[in-house]
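The structure under discussion appears below in the form of structure tokens.
What follows is calculated from the coordinates using simple rules that are stated; it is not laboratory data. Remember, predicted model here, so these are calculated numbers, not experimental data. Backbone-built Cβ (ideal geometry, glycine too); neighbour counts: all protein chains shown.
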Amino acid sequence: MDAADKIKHAVDDATGKVKEGLGKATDDHSMQAEGERDQTKADLGRAKDNVKDAFTDK
């Protein structure tokens, strides 16, 4: 996994946490769900990169 991917996943995760928190604070279920989706996207991206790294020669 290269640095750009790590940064992108971290940004997606942080953005998701902010959106989820904002959604909870304002009782906006759509915003909360969008935040949860962004966090899941970041988690899946990290998992994909970990699998890719496991199958590449080091």
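Structure notes:
- Least to most buried among ARG46, ARG37 (fewest other Cβ within 10 Å first): ARG37, ARG46
- Evaluated over the chain, the count of Lys pairs having alpha-carbon atoms less than 30 Å apart is 25 (only pairs 8 or more residues apart or interchain).
- Average Cα contact separation per residue, the chain, under 8 Å, 6 or more apart, as relative contact order %: 38 percent
- For the chain, the Rg and Dmax computed from alpha carbons only, in angstrom: 13.8, 48
- Neighbour counts of other Cβ atoms within 10 Å put ASP38, ASP28 in the fewest-to-most order ASP28, ASP38.
- Spin-label proximity, LYS6 to segment 37-53 - amide N less than 19 Å from point 7 Å beyond Cα toward beta carbon: 42-53
- Computed over the chain, the per-residue total of -39500 (n - 2.57) for DSSP H runs of n ≥ 4 gives a 222 nm mean residue ellipticity of -30500 deg cm²/dmol, rounded to 500.
- Likely footprinting exposure, HIS29, HIS9, fewest C-beta neighbours within 10 Å first: HIS29, HIS9
- Helix axis angle, 3-26 relative to the chain longest principal axis, alpha carbon, degrees: 20 degrees
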